[in-house]
Amino acid sequence: MLKKMYFFLLVFGVVYAHDDVCQNDFQEHIVYWDKQAHNLEWFVPWHTTVTWQAPDAQWFLGGKINASYNCLDRHIKEGLSEKPALICRSEYGKDEIYTYGKLYEEVCKFALGLKKIGVKKGEFVALYMPMVAEAVVALLACARIGAPHMVIFGGIGSDGIYDRLKESKARYIITVDGTKRRGRVLTHKATIDKALSVGNNCVEKVIIVNKLGLSLSLNESRDIWYRDLLIHDAYACDPEWMDAEDLLFMLYTSGSTGKPKGILHSTGGYLVGVYTTFAMAFDIKSDDIFWSTSDIGWITGHSYAVYAPLLYGITTVLYDGAPDYPDKDCFWKLIEDYKITLFYTAPTAIRMFIKWGNEHIEKHDISSLRLLGSVGETINPEVWKWYDTVIGGGRCPIIDTWFQTETGCFVIAPIPGVTTLKPGSATRPLPGYDVAILDEQGNEVDKGFLAIKGPFPSMLRGIFGDYDRYKKTYWSKWDGRYYYTGDEAIRDANGYIWINGRLDDVLKISGHRIGCAEVENVVVEHPAVAEAVAVGIDDAIKGTELVVFVVLKEHTYTKDIENIIKYKVSSGIGVYARPLHVIVVDQFPKNHSGKIMRRLLRDLIAGKPLGDLTTLENPYVLDIIKECYDRVNVRGIETIDFPLFI
């Protein structure tokens with residue numbers, strides 16, 4: 001033990017010499033994460049908790065662990081074979097329930113099948129799948145044999161798939177014949193075929209799950225049915241002993257601009273991060289049934305629809321379908337049917353529920369809910385209050401979480417029963433994180449750049465194939481002392497953090513910095529507004545002018561609504577923030593998971609090329625929005641005279 005401690009202090013002393021961080025605080029965080037790591041099962045314990053040579057961190061060195069083993073085997077050893085692990089519902093067919101025992105067997109059979117066709121430890125396996133049980137099986141099977149998985153979101157088009165396969169040099173991809181959205185068939189396998197027809201990729205085998213029974217044209221030398229690959233006479237596949245720093249997965253994120261980045265996550269640090277933050281932020285009980293509505297193509301789906309619930313041994317819910325099909329009450333019916341206790345969704349979805357009206361919710365008994373979560377973007381205070389009152393019945397804490405693909409797991413979130421909640425604030429950093437708000441020079445300020453001091457276990461280990469971009473993007477702004485999040489935030493007098501949104505969503509108008517989220521918060525306070533997006537356009541005098549797009553609740557339009565909203569922004573923020581235009585539209589451009597694609601609105605009104613549209617769910621709205629904008633921009637809107645604010 002003394003030898004271990006001596007080695008740790010020696011490493012820490014060398015590391016500290018290269019970083020301007022508080023040694024006591026840093027050591028306190030290391031001790032915290034070291035303690036949390038013991039909640040998982042390791043084949044071999046680590047000898048060094050962390051080494052840190054900015055921007056490179058290595059956690060739990062010497063430790064051997066396996067993600068699949070921790071999600072399955074250890075629960076089965078504890079007698080949980082018959083406990084439901086997955087509840088899967090879709091627009092088609094019957095619900096599927098996988099117990100921990102059934103999931104373990106399926107994962108082992110598929111893992112052996114992957115090894116049989118040549119998948120090797122350390123090489124990427126791609127997935128292009130909807131929210132089906134076989135997707136979870138595939139993730140855990142890859143983790144079991146030590147093959148990092150690379151999930152490609154099921155809404156990405158063939159060009160995006162081709163780029164990711166080419167860059168990663170993945171030899172294997174797992175997909176489905178198809179799925180359904182609002183009764184319409186989406187043909188995943190056909191999209192894969194189109195991507196592979198371009199050529200110049202490394203794919204040798206395409207593994208197909210037969211979900212809809214579609215008639216497919218198969219390439220006999222390349223295509224394999226999932227069921228044919230399962231090793232049916234085997235029920236065990238020994239897990240690989242993975243070094244803590246071995247890759248668990250790569251996940252692409254586009255950020256705000258530029259080429260999508262392949263974010264790399266290690267095994268040990270990631271597992272420790274998601275397990276710890278999940279248990280703390282959601283106050284997990286052994287009988288909880290957890291539903292994250294996020295797709296596995298995004299980090300929330302990875303961390304909190306799959307890994308965290310299974311690491312903890314509770315039941316997780318997957319829903320493969322649209323939230324309004326076959327009716328607008330399908331979410332609440334699912335909660336009622338399975339007595340879901342924890343519900344985790346995005347503000348975009350909540351605003352959509354508000355627009356549809358409370359009657360769809362009131363049809364169902366959702367009193368099983370004991371806690372609600374919010375993720376993906378800033379939640380407006382008015383939306384927070386509706387979520388609390390209508391969905392939570394005033395009895396459910398709302399866990400507003402902030403994290404990124406790059407952080408892997410929660411960084412800022414309230415702790416139920418400990419943290420006093422404030423509508424619209426993610427509250428405080430969780431234990432183990434040193435979060436700062438800085439100015440350009442790295443000084444602590446009340447409003448500025450959100451940053452994280454030093455390393456933490458679940459942080460990204462790099463950008464695939466581009467170390468320089470990793471260093472420049474995330475660690476160069478303050479000479480490696482802080483991780484740069486790209487978000488703007490405010491710390492209030494009580495130490496609570498309020499996220500203003502991405503820094504490229506912060507406008508500078510007549511010398512004033514205005515967060516788009518700040519404007520949107522004011523606009524959605526109007527009882528007629530369901531959703532709002534604020535964007536900027538160039539102006540020779542002011543630098544930027546503000547344009548606000550709004551989607552109204554049904555039957556609420558009045559001829560003066562545009563001017564009323566302008567007045568509301570002027571009075572709520574300041575006359576300098578008064579929008580040039582307020583434009584009413586029927587819907588916003590959104591990706592397949594329902595997130596508003598603000599970039600497209602900015603580029604559309606600026607007349608810029610729209611770029612990659614592969615993730616866009618409703619491309620037809622772009623022409624309609626452009627027509628609305630051009631009409632307003634040409635004729636202008638008569639304004640009500642409010643002398644006090646002009």
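The values are calculated or read from the model by the stated rules, or taken from the named source; none is laboratory data. Not measured: the values here are computed from a predicted model. Counting neighbours? That spans all protein chains shown, and the Cβs are built from the backbone with ideal geometry, glycine included.
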Filter segment 370-391 down to the residues that are aliphatic (A, V, I, L, M) and surrounded by 20 or more Cβ atoms within 10 Å (Cβ to Cβ), then identify the one that is nearest to the chain's Cα centre (by Cα).
375
Kindly indicate whether residue 197 is surrounded by fewer than 21 Cβ atoms within 10 Å (Cβ to Cβ), touching a Lys or Arg at 6+ places or on another chain (Cβ under 6 Å) and not aliphatic (A, V, I, L, M).
no
Report yes if residue 539 is modelled with pLDDT under 80 and either farther than 17 Å from residue 487 by Cα or hydroxyl-bearing (Ser, Thr, Tyr) (or both), otherwise no.
yes
Scan segment 287-313 for residues that are under 18 Å from residue 100 (Cα atoms) and either of a type in the set (Lys, Arg) or not in a helix (DSSP H, G or I) (or both) and report the count.
6
Just wondering, is there one or more residues in segment 248-270 that are within 19 Å of residue 88 (Cβ to Cβ), modelled with pLDDT under 95, in a loop (DSSP other than H, G, I, E, B) and of a type in the set (Ser, Thr, Tyr)?
no
Inside segment 382-455, counting only strands (runs of 3 or more DSSP E) that do not spill past its ends, which hold 2 or more residues that are over 29 Å from residue 36 (Cβ atoms)?
447-453
Condition broken by residue 350, with the remaining ones in (1) under 26 Å from residue 90 (Cβ atoms); (2) crowded, with 22+ Cβ neighbours inside 10 Å; (3) free of Cβ contacts under 8 Å to residues at least 60 places away in the same chain; (4) of a type in the set (A, V, I, L, M) satisfied:
(2)
Can you tell me which residue within segment 79-115, out of those that are of a type in the set (D, E, K, R) and at pLDDT below 95, is nearest to the chain's Cα centre (by Cα)?
91
Residue under evaluation residue 626, criteria (1) buried (at least 18 other Cβ atoms within 10 Å of the Cβ); (2) over 18 Å from residue 259 (Cα atoms), criterion not met:
(1)
Answer from 135, 147 - the residue that is buried (at least 23 other Cβ atoms within 10 Å of the Cβ), modelled with pLDDT of 95 or more and more than 16 Å from residue 247 (Cβ to Cβ)
135
From the list 430, 460, which one is within 28 Å of residue 346 (Cβ to Cβ) and touching a Ser or Thr at 6+ places or on another chain (Cβ under 7 Å)?
430
Among (1) in a helix (DSSP H, G or I); (2) surrounded by fewer than 17 Cβ atoms within 10 Å (Cβ to Cβ) - the single one residue 364 does not satisfy:
(1)
Go through 21, 11, 15 for me and flag whichever is surrounded by 14 or more Cβ atoms within 10 Å (Cβ to Cβ), assigned to a loop (DSSP other than H, G, I, E, B), modelled with pLDDT under 50 and among the aliphatic types (A, V, I, L, M).
21
Taking residue 415 as meeting all but one of (1) aliphatic (A, V, I, L, M); (2) in contact (Cβ under 8 Å) with a residue 60 or more places away in the chain; (3) buried (at least 17 other Cβ atoms within 10 Å of the Cβ), write down the number of the exception.
(3)
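Here is a yes/no grid of residues against (1) among the aliphatic types (A, V, I, L, M); (2) touching a residue at least 24 places away in the same chain (Cβ under 8 Å); (3) part of a helix (DSSP H, G or I):
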{"position": "471", "(1), (2), (3)": "no, yes, yes"}
{"position": "474", "(1), (2), (3)": "no, yes, yes"}
{"position": "485", "(1), (2), (3)": "no, yes, no"}
{"position": "499", "(1), (2), (3)": "yes, yes, no"}
{"position": "508", "(1), (2), (3)": "no, yes, no"}
{"position": "521", "(1), (2), (3)": "no, yes, yes"}
{"position": "526", "(1), (2), (3)": "no, yes, no"}
Of residues in segment 438-459 being over 25 Å from residue 397 (Cβ atoms) and in contact (Cβ under 8 Å) with a residue 60 or more places away in the chain, the one surrounded by the most Cβ atoms within 10 Å (Cβ to Cβ)
457
Please go through segment 180-220 and pick out each residue that is part of a strand (DSSP E or B) and either in contact with a helix residue (DSSP H, G or I) (Cβ under 7 Å, 6 or more places away or on another chain) or hydrophobic (A, V, I, L, M, F, W, C) (or both).
185, 186, 206, 207, 208, 209
Pick from 81, 68: which is of a type in the set (S, T, N, Q), more than 19 Å from residue 292 (Cβ to Cβ) and crowded, with 21+ Cβ neighbours inside 10 Å?
68
Condition broken by residue 171, with the remaining ones in (1) modelled with pLDDT of 95 or more; (2) surrounded by fewer than 17 Cβ atoms within 10 Å (Cβ to Cβ) satisfied
(2)
Across segment 203-219, what is the total count of residues that are within 28 Å of the chain's Cα centre (by Cα) and over 24 Å from residue 90 (Cα atoms)?
1
Anything in segment 550-575 that is over 16 Å from residue 520 (Cβ atoms), part of a loop (DSSP other than H, G, I, E, B) and touching a residue at least 12 places away in the same chain (Cβ under 8 Å)? List them, or say none.
554, 556, 557, 558, 560
Could you name every one of the helices (runs of 4 or more DSSP H) located completely within segment 58-155 that has at least 3 residues being of a type in the set (A, V, I, L, M)?
100-116, 133-145
